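Right, one structure below, let's go through it.
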Amino acid sequence: MKNTATSERMAQEDREFPGDQPDALAQATLPENVSPEVREFLSRTHGHFIDGTWVGEDAEQLIALADPATGLVIARVASGGKAEVDQAVAAARRALENGPWSSMVPAERARILFRLADLIEEYGDQLSQLESLDTGMSRTMMRDIGIRLAADQTRYYAGWVTKINGDAITNSRARATGRDFLTYTVREPVGVIGQIVPWNFPLGITIQKLAPALAAGCTIVLKPAEEAPLSVTYLAGLAAKAGLPSGVLNLVNGYGTTAGAAIAAHPGIDKVAFTGSTDVGKEIIRAATGNLKRVSLELGGKSPVVLLPDADLDQAIPAVARAITFLSGQNCMAGSRLLVHTDIYDQVLDGLVEIMEAMSIGPGFDGAHDIGPLISERQMTRVLAYIDIGMGEGARLITGGRRKTEMPGHFVEPTIFADCNSDMRIVREEIFGPILTVQKFSSDDLDEIAALANEGVFGLSASVWTRDLSKGHLLAGKIKSGQVGINVHAAVDPATPFGGFKQSGWGRESGRDGLEPYLETKAITVHL
Ligand code: NAD
């Protein structure tokens, strides 16, 4: 299915519409409790933020943004391409080499980041509304968890700014040659960074990239996803308000095949940090070879959740349900591949069906539902196609499996396929929807269980559920995955490194590991 992604995207680009189209429809169809500030923001066409100025609002080519809960257009942004990326890179280069950013002392850089964190909280309601309308995610979840995480992550890296130091090296060559050498290292920003982010959790994923890059002293050309750029576009305004000098953060709105591809291939960009699908990640690597820019990738997943026979099922079953329904399964860490010991198999399936069938489905903006819509018609079509594939492969559908046709928008029921096996496409491929596959195992051998969990090309996230913590630790050690939870799934934290083994990515974000890719080390040796 992924091979069709490019042609699907091009079809989407065909739906661009000219800038003079009226937007009365958008305003009329917004939920009642959208605040006046957010209404005003949505009513304006947003361009690109380049060298401290908004440009391109009058562009011919615009991207129409639909509310996933209704399918109706609520806002528009400009569709930039190579020309805008060129301007943004030039601005970022000037700011890196000549602007106040390059000469700013660390304490002042830290102060700007701390200020940005405060503004994220201060404008958290606006950001939550925008992200909820744009992606369909729960507004309350965004306000209560997403905003706090974004602000905490910004503060985490603000704290690092004044602690980025090199080393003094004891140089053995000095003694060997009888000469006095002083060797020390300095840490320098990698340079101009291209950052390309997806539509699921856009604010959080952007901050995960932006905050360490700014802490390191880099300058940035950022491209939000064409499906959900609103909160990230709003954030660019907050960054300017926080005192970030012109040219340090530049934002280009646009499609992946145009603006994104221009960033990945640009000879003036020193590193590209990408979060998105594994297929596009491979395209990024190919595009980056021209100037051998550094590449870090946060890609797809098909994360196993392993239930051992002694698991505390009162805790585990609701957590399994949450792990696949959070963000309607549109989460790279989604626990989409459940592996259950035969002794507890029926009990687990019964418990999951009961919870999933009781979940309420509705617009994320209400903040009252367990499951929101899928981001787009394209994504819904893809998820429904996988349900058909699962049926065709002989997996046993025990709940869900249907689009909520009685509702507007892109709602799909939480779905469970039992009795799956490792050859099935629904088990091997990332679906990115609320579709759980369940496999039974009878072995008590941890190596065999780990081998089952390690099947497939991904290695992003995993969890192990057991009352026997020794077993939990041993199994966690055998699982090839960037993060493993023991009696918890997907516990993200600003200080905890995050990233993937195998085809789930290159490098880590968050924590100290997330800062390193934005720093070069220079060794300086002085003959005294
Ligand atoms: P996607 O790969 O289609 O798009 C991601 C971003 O890349 C978008 O901004 C898009 O415009 C851009 N892009 C698309 N084609 C491009 C190209 N040829 N060159 C440069 N940029 C291009 O992914 P998506 O559908 O937006 O997001 C879903 C995917 O992201 C899933 O596979 C999910 O697992 C993954 N993801 C991973 C993480 C992680 O941290 N590992 C987090 C969130 C999402």
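The values are calculated or read from the model by the stated rules, or taken from the named source; none is laboratory data. What you see is a predicted model; the values in this text were computed from it and never measured. Cβ: placed from backbone, ideal geometry, glycine included. Neighbour counts: every protein chain shown. Side chains included, ligands, DNA and RNA excluded: accessible areas come from the protein's heavy atoms. Shrake-Rupley method; radii C 1.70, N 1.55, O 1.52, S 1.80 Å.
Considering only residues in the range 144-158 that are open to solvent by 20 Å² or more (accessible area, probe 1.4 Å) and either in contact (Cβ under 8 Å) with a residue 12 or more places away in the chain or not assigned by TED's automatic domain parsing to the domain that holds Gln208 (or both), the one that is nearest to the chain's Cα centre (by Cα) turns out to be Leu149.
Here is the figure for the range 319-349: residues that are more than 16 Å from the ligand (Cβ to nearest atom) and either of a type outside the set (S, T, N, Q) or in contact with a helix residue (DSSP H, G or I) (Cβ under 6 Å, 6 or more places away or on another chain) (or both) total 14.
Quick one: would you say Arg115 is assigned by TED's automatic domain parsing to the domain that holds Leu210, touching a strand residue (DSSP E or B) at 6+ places or on another chain (Cβ under 6 Å), under 21 Å from Leu222 (Cβ atoms) and surrounded by fewer than 22 Cβ atoms within 10 Å (Cβ to Cβ)? Spelling it out, it is not the case that Arg115 is assigned by TED's automatic domain parsing to the domain that holds Leu210, touching a strand residue (DSSP E or B) at 6+ places or on another chain (Cβ under 6 Å), under 21 Å from Leu222 (Cβ atoms) and surrounded by fewer than 22 Cβ atoms within 10 Å (Cβ to Cβ).
Would you confirm whether any residue within the range 343-361 is part of a loop (DSSP other than H, G, I, E, B) and either touching a residue at least 24 places away in the same chain (Cβ under 8 Å) or touching a Lys or Arg at 6+ places or on another chain (Cβ under 7 Å) (or both)? So far as the range 343-361 goes, yes, one or more of its residues are part of a loop (DSSP other than H, G, I, E, B) and either touching a residue at least 24 places away in the same chain (Cβ under 8 Å) or touching a Lys or Arg at 6+ places or on another chain (Cβ under 7 Å) (or both).
Listed conditions (1) over 28 Å from Arg143 (Cβ atoms); (2) out of contact with any Leu (no Cβ under 9 Å at 6 or more places or on another chain); (3) surrounded by fewer than 22 Cβ atoms within 10 Å (Cβ to Cβ) are all met by His266, apart from (3). Could you please give the count of residues in the range 208-232 that are more than 18 Å from Val77 (Cα to Cα) and either open to solvent by 10 Å² or more (accessible area, probe 1.4 Å) or of a type outside the set (S, T, N, Q) (or both)? Looking only at that region, the number is 12. Of all residues in the range 475-507, those satisfying the criterion of being free of Cβ contacts under 8 Å to residues at least 40 places away in the same chain and either within 16 Å of the ligand (Cβ to nearest atom) or crowded, with 22+ Cβ neighbours inside 10 Å (or both) are Lys480, Gly482, Val484, Gly485, Ala491, Asp493, Thr496, Pro497. Each residue in the range 167-184 was checked for being surrounded by 16 or more Cβ atoms within 10 Å (Cβ to Cβ) and assigned to a loop (DSSP other than H, G, I, E, B), and 1 pass. The residues on offer are Glu455, Glu430, Glu448, and the sole one that is outside any helix (DSSP H, G or I), out of contact with any Cys (no Cβ under 6 Å at 6 or more places or on another chain) and open to solvent by 70 Å² or more (accessible area, probe 1.4 Å) is Glu455.
Inclusion of Thr405 among residues that are among the β-branched types (Val, Ile, Thr), open to solvent by 70 Å² or more (accessible area, probe 1.4 Å), at negative phi and not assigned by TED's automatic domain parsing to the domain that holds Asn200 is warranted. Each residue in the range 281-322 was checked for being farther than 25 Å from Leu474 by Cα, open to solvent by 40 Å² or more (accessible area, probe 1.4 Å) and of a type outside the set (D, E, K, R), and 5 of them qualify. Taking the listed residues Leu235, Leu210, Leu230, the one that is closer than 17 Å to Gly159 by Cβ and touching a residue at least 24 places away in the same chain (Cβ under 8 Å) is Leu210, with no other qualifying. Residues in the range 416-451 that are closer than 17 Å to Ile375 by Cα and in contact with a Ser or Thr (Cβ under 7 Å, 6 or more places away or on another chain): 4 in all. Tallying residues that are more than 9 Å from the ligand (Cβ to nearest atom) and within 13 Å of Gly505 (Cβ to Cβ) within the range 256-302 yields 5. Annotation: of all residues in the range 238-268 being of a type in the set (Ser, Thr, Tyr) and touching a Gly at 6+ places or on another chain (Cβ under 7 Å), the one that is nearest to Gln87 (Cα to Cα) is Ser246. If you filter the range 213-237 down to residues that are within 14 Å of the ligand (Cβ to nearest atom) and in contact with a Phe, Trp or Tyr (Cβ under 7 Å, 6 or more places away or on another chain), you find that the one that is nearest to Gly80 (Cα to Cα) is Glu226. In the set Val464, Val488, Val484, only one residue is over 30 Å from Ile169 (Cβ atoms), part of a loop (DSSP other than H, G, I, E, B) and modelled with pLDDT of 95 or more; that residue is Val488. Kindly provide the set of residues from the range 458-478 that are aliphatic (A, V, I, L, M) and touching a strand residue (DSSP E or B) at 6+ places or on another chain (Cβ under 6 Å), ordered by number. Those that are aliphatic (A, V, I, L, M) and touching a strand residue (DSSP E or B) at 6+ places or on another chain (Cβ under 6 Å): Ala462, Val464, Leu475, Ala476. Arg109 - would you say it is open to solvent by 60 Å² or more (accessible area, probe 1.4 Å), part of a helix (DSSP H, G or I) and in the same structural domain as Ile284 (by TED's automatic domain parsing)? In short, no. Is it the case, given these coordinates, that Lys471 is in a loop (DSSP other than H, G, I, E, B), surrounded by fewer than 21 Cβ atoms within 10 Å (Cβ to Cβ) and of a type in the set (Lys, Arg)? No, not satisfied. When Ile193, Ile205 are screened for being buried (at least 23 other Cβ atoms within 10 Å of the Cβ), assigned to a helix (DSSP H, G or I) and either charged (D, E, K, R) or in contact with a strand residue (DSSP E or B) (Cβ under 9 Å, 6 or more places away or on another chain) (or both), only Ile205 passes. Checked against the criterion of being buried (at least 16 other Cβ atoms within 10 Å of the Cβ) and outside any helix (DSSP H, G or I), the range 382-392 has no qualifying residue. For Gly351, state whether it is crowded, with 20+ Cβ neighbours inside 10 Å and either within 20 Å of Val464 (Cβ to Cβ) or at pLDDT 95 or above (or both). So Gly351 does not fit the description; no.
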